[in-house]
Amino acid sequence: MDILRDNLLLIIIWSVTCLLWTAGGFFIVHRIFCLDSKEELITGFGVGLISYLFLCNISGRYLVPTVAFTLPSVLIFTTGFLASRRNLPNPFIKTMRMQWVLIATGLILGGIFFLISRGISLFDEPKNLSIISQMGRGIIPPTFESTEPFGYHYGFQLLSASLMAIGGFFPWSAFDMGKAIVWGYTIILFVMIANRYMSSWWKSALAGVLFVFAGGTRYLLFLFPSMWMTRLDTLINLKGTSSMMEGPLSQALRMPWVVDGGPPGSYIFGLLNGINPNYVMAHTGTGTLSITIILLFWLLLQREISRWSIAVYSILLAFLALTWESSFGLFGVGMGITGAYYLLFDRQKIKLYFTNLLIPGLISLFIACFQGGVITDRLALMVSLDNVSGSKSIPMGLEFWVKSPLTVESAHLGSLSLDDPLLILTAIAELGIVVFFVPFIIKYLYSSFKKNEWFAGIMIASSIIGFIVPLFIGISSERDITRVTAYSLGIWIMIMTIQVLSLKKWNIYRCVEAAAILVMSIGGLANLQRQLPAILVPIDSYYVNDQDAAVTKIVWGNLPIGCKVFDPKGFRAVIITGCSTEMTFRNTYTVLSTWQDLKDAPSIKKFIDQGYQFVYLDEEWMGKLPRGETPFYRDPCVRVVSKQKSENGYFLRRLVDLRYCQQ
């Protein structure tokens, strides 16, 4: 199974680009922040990466893709070099040797995750692959299945787009590689943070292991008496893909999870989670990169030695908004509440806090309004649409309301009402037993906050808000509100891990906390075991086959930028060509009648009238076209761009060009 669609030289070019932003980030961190020398290189990689992607989102709108994804790394390197030219850091000094061990570890972990990801195509992969392919071709912001900009958090996907544009990757392998890079990097970033509190690398490494495996504890429902489970079967209706499970909850817990693109052996439903999945299940990349940015703040805050830190923080926060708007909102609320605390109770610190953090927050909020993504899209809709005064609705179908009774939302189990003791226990299991330790975690953070650690104050405020608000506020998209809860639970698990491993003496509390973390890690270990066989059966994607890959290899990057392609499957040709299509109204999953008409009764005139230059055909659609008349793709004016056929002759793909029919 090929990883690259082009020659190996291109991946070398991308690697040079990576080295440039890493070196530039390293120089910037050394010049602007006072970090321990053993932290500068790894932190510099992250600062360089986020700065690179931030600039790519800008340059990609005005420059051809190869330049748009290369120039930012040169700018970052040049900026860092000029800023540090009088005191360039040396990454090879003795005190930085451990960083190279961590880098090697990150590469190994990322490599393993890449191999696993090649055999799995989970979690909105059609959407992710489509926008990666489009951005790699210069469509920024991406449009997905519409000609309108897609209001989506596409920050992470810019990394995969760079792998396509200048690295020669296929869309699916670029997605897998991007996820692997961020996944491995985030782990070693957390290990490095843990080492600040422990001063022991083996304990820090153990913290990293627990960070990977700990999560929700739905599997504790296995311990419920059969009488309880029988009652839960009447109270819980499974949601989303889980609703396709053939049986009630009591049976579904022990059954394979029904989902497209899962590993060969399938996940066990009872070992998964709809609120607080373990890091082993981080197969989207988006949430992972948001964790990376928050960890970078953990490392950098209050280590500034230059006012240029305002620029760094502004870029990090703005890109957090583009990557995961819920985390941006919660982190911003935490910053605001912490600032309000200083304003009311400790005014001596407010000036420094305002300059170093609140000003970047305001700058990033301004950028978020115009840079693309969810926030930009929602603001544009609110400006363009006439909203009813006093309405609680936001365009794109999102509605908010105050809940009664309070509920915990799970993407799999639905609403778990807190007015029923049995559902409360179920909610605790789904959330994870970390909730029992929240008072101790908050107390630990508060002690750090009283020692003037800004980050601790932000984490206290944002995590409490993130946990409480979803209990009271309902949203029409239940899956989206779980991201807010997941933010808080993820913060608490990281703090809990550091707390238990940094204690110097064992006591009853430490033993209980350590046991709880181990229990929370069972699901992660089990899911990893389920995923490992995927290494042996790599696939392109669940939604494309070998013939689609062959067409991609020939046509991607060779069609006009901004062209429009029709495909009876909608998104598939977008992945393969990087062109736009027009299947849905503003990407709301409402299929346009014009698109449906083209699918049911295609003709060259209709395609041209709708602005399509290319059409992608498969054997299924061609077999359903009206009989007794010459199909449109056999018209003399139609040119075949690529035609691929499987060895058994069953699968057929054909990309045809209609531009000559317009003459």
message: Rounded to two decimals, what is the ratio between the C-alpha radius of gyration of segment 277-433 and 2.2 N^0.38 Å?
response: 1.27
query: Dipole magnitude of the chain about its Cα centre, charges +1 at Lys/Arg Cβ and -1 at Asp/Glu Cβ only, in debye to the nearest 20?
result: 1820 debye
task: Give me D for segment 177-332 in µm² s⁻¹, whole number, from Stokes-Einstein with Rh from the Kirkwood sum over alpha-carbon pairs, 20 °C and 1.002 mPa s.
output: 116 µm²/s
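Counting DSSP beta bridges in the chain, what percent are antiparallel, to the nearest 5? Working shown, then result.
Working: 25 of 28 bridges.
Taking every DSSP beta bridge with both residues in the chain, the antiparallel ones total about 90 percent.
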Efficiency of FRET from Cβ geometry, LYS443 and ILE554, R₀ 60 Å, rounded to 0.05: 0.45
message: With the crude spin-label approximation of a point 7 Å out along Cα→Cβ, what separation in nm comes out for GLN596 versus VAL16?
response: 5.2 nm
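Express the relative contact order of the chain as a whole percentage, based on alpha carbon pairs under 8 Å and six or more residues apart in sequence. List each step's numbers first, then the result.
On the way: 1129 pairs, mean separation 121.1, N = 663.
It comes to 18 percent, rounded to a whole number.
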- prompt: Cα centroids of segment 27-88 and segment 437-491: how far apart, whole angstrom?
  reply: 31 Å
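For a test of the definition: using alpha carbon positions, the gyration tensor, and the 1.5 limit on a/c, classify segment 549-663 as rounded, prolate or oblate.
Numbers: a/c = 1.24, a/b = 1.09, b/c = 1.14.
Judged from the Cα gyration tensor, segment 549-663 comes out rounded (a/c under 1.5).
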task: Compute the length gained on full extension between ASP635 and LEU343: take 0.36 nm times their separation in residues and subtract their Cα-Cα distance, giving the result in nm to one decimal.
output: 97.8 nm
- request: In vacuum, with every alpha carbon of segment 229-277 counted as one equal point scatterer, what does the Debye formula give for log10 I(q)/I(0) at q = 0.14 Å⁻¹? Two decimals, please.
  value: -0.33
query: In vacuo Debye scattering of segment 485-568, one point per C-alpha: log10 I(q)/I(0) at q = 0.23 Å⁻¹?
result: -1.15
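Relative to the compact globular guide of 2.2 N^0.38 Å, what is the alpha carbon radius of gyration of segment 41-199, as a ratio? If you can, show how the numbers build up before the last one.
Details: Rg = 17.2 Å, N = 159, 2.2 N^0.38 = 15.1 Å.
After normalising by residue count via 2.2 N^0.38 Å, the value is 1.14.
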task: Report the charge-dipole magnitude of segment 124-248 in Debye, nearest 20, computed about the Cα centre from +1 at each Lys and Arg Cβ and -1 at each Asp and Glu Cβ.
output: 480 debye
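Mind ordering 358-364, 483-489 by average Cβ neighbours within 10 Å, highest first?
Values: 358-364: 18.3, 483-489: 23.7.
Top to bottom by mean Cβ count within 10 Å: 483-489, 358-364.
Please list TRP257, TRP100 from largest to smallest accessible area, probe radius 1.4 Å, with all protein chains kept in place.
Descending order: TRP100, TRP257.
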Ranked by how many other beta carbons lie within 10 Å on average, peptides 210-216, 61-67, 461-467 from highest: 210-216, 461-467, 61-67
message: Taking only the Cα atoms of segment 240-356, how large is their convex hull per residue, in Å³?
response: 145 Å³
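Could you list, in their original order, any pairs among LYS179/LYS605; LYS569/LYS605; LYS403/LYS504; LYS179/LYS599 whose Cα atoms are separated by more than 32 Å? Don't skip to the end; give the middle numbers.
Numbers: LYS179/LYS605 42 Å; LYS569/LYS605 20 Å; LYS403/LYS504 44 Å; LYS179/LYS599 35 Å.
Beyond 32 Å between Cα atoms: LYS179/LYS605; LYS403/LYS504; LYS179/LYS599.
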message: With every protein chain kept in place and ligands, DNA and RNA left out, what is the accessible area per residue of segment 1-103? Probe 1.4 Å, answer in Å².
response: 48 Å²
query: Based on the alpha-carbon gyration tensor of segment 190-237, what equivalent-ellipsoid semi-axes (square roots of 5 times the eigenvalues) come out, in whole Å, largest first?
result: 40, 10, 6
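Using a 1.4 Å probe over the heavy atoms of the protein chains, calculate the carbon and sulfur portion of the accessible area of the chain as a whole percent.
Numbers: 17550 of 27450 Å².
Roughly 64 percent, rounded to a whole number.
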statement: Any aspartates and glutamates whose Cα falls less than 14 Å from that of LYS451, other than same-chain ones fewer than 8 residues away, would be ASP346
- prompt: Which of the lysines could be linked to LYS643 by a straight reach, that is with a Cα gap under 17 Å, when you skip same-chain ones fewer than 8 residues away?
  reply: LYS553
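How high is the relative contact order of segment 595-663? Use alpha-carbon pairs under 8 Å, at least six apart in sequence, and give a whole percent.
Details: 80 pairs, mean separation 26.1, N = 69.
So the answer I get is 38 percent.
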statement: Heavy-atom accessible area of TRP228, protein chains in place, probe 1.4 angstrom, given in Å² to nearest 10, is 90 Å²
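Considering only protein heavy atoms, with the full assembly of protein chains and a 1.4 angstrom probe, order ASP609, ASP480, ASP657 by accessible area, largest first.
Values: ASP609 100, ASP480 50, ASP657 5 Å².
The ordering from most to least exposed comes out as ASP609, ASP480, ASP657.
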query: With every protein chain left in place, what is the accessible area per residue of segment 261-343 in square angstrom, probe 1.4 Å?
result: 25 Å²
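Using a 1.4 angstrom probe on the protein heavy atoms only, line up CYS34, CYS661 by accessible area, largest first.
Values: CYS34 80, CYS661 25 Å².
Listed by decreasing accessible area, they come as CYS34, CYS661.
Which trypsin sites (Lys or Arg not before Pro) does segment 200-265 hold that lie in a coil by DSSP with at most 14 other beta carbons within 10 Å? Don't jump to the answer; show the numbers that get you there.
On the way: sites: LYS203, ARG218, ARG231, LYS239, ARG254; in loops: LYS239, ARG254.
Taking segment 200-265 and a limit of 14 other Cβ atoms within 10 Å, the loop trypsin sites (Lys or Arg not before Pro) found are ARG254.
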query: Picking from MET245, PHE113, GLY274, whose Cα lies most toward the positive end of the charge dipole for the chain (charges on Cβ: Lys, Arg +1; Asp, Glu -1)?
result: PHE113
- prompt: If the chain between GLU619 and LYS351 were fully stretched, how many nm would it gain, using 0.36 nm times the residue separation less the Cα-Cα distance?
  reply: 89.8 nm
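Which helices, taking whole DSSP H runs in the chain, have alpha carbons extending 27 angstrom or more along the helix axis plus mean Kyte-Doolittle at least 0.0? Walk me through the numbers before you get to the answer.
On the way: long enough: 9-32 (35 Å, 1.81); 37-59 (33 Å, 0.91); 97-118 (32 Å, 1.39); 171-198 (41 Å, 0.83); 325-345 (30 Å, 1.04); 454-472 (28 Å, 2.08); 478-502 (37 Å, 0.73).
Helices meeting the criterion: 9-32, 37-59, 97-118, 171-198, 325-345, 454-472, 478-502.
Which three numbers, in whole Å and largest first, are the semi-axes of the equivalent ellipsoid of the chain derived from its Cα gyration tensor as √(5λ)?
Working: eigenvalues 335, 197, 121 Å².
Equivalent-ellipsoid dimensions as semi-axes: 41, 31, 25 Å.
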task: Would you tell me the accessible area of GLU620, worked out with a 1.4 angstrom probe on the heavy atoms of the protein chains, in Å² to the nearest 10?
output: 90 Å²
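On a full-extension model of 0.36 nm per residue, what is the gain between GLN251 and TYR660, subtracting their alpha-carbon distance, rounded to one decimal in nm? Please report the intermediate quantities before stating the final value.
Details: separation 409, 0.36 × 409 = 147.24 nm, distance 5.85 nm.
The span from GLN251 to TYR660 would gain 141.4 nm if fully extended.
The values are calculated or read from the model by the stated rules, or taken from the named source; none is laboratory data. Everything numeric here is computed off the predicted structure, so don't read it as measured data. Cβ coordinates were reconstructed from backbone atoms using ideal geometry, including for glycine residues, and neighbour counts include every protein chain displayed. Please note that ligands, DNA and RNA were not included when accessible areas were found on the heavy atoms of the full protein model with its side chains. Shrake-Rupley method; radii C 1.70, N 1.55, O 1.52, S 1.80 Å.
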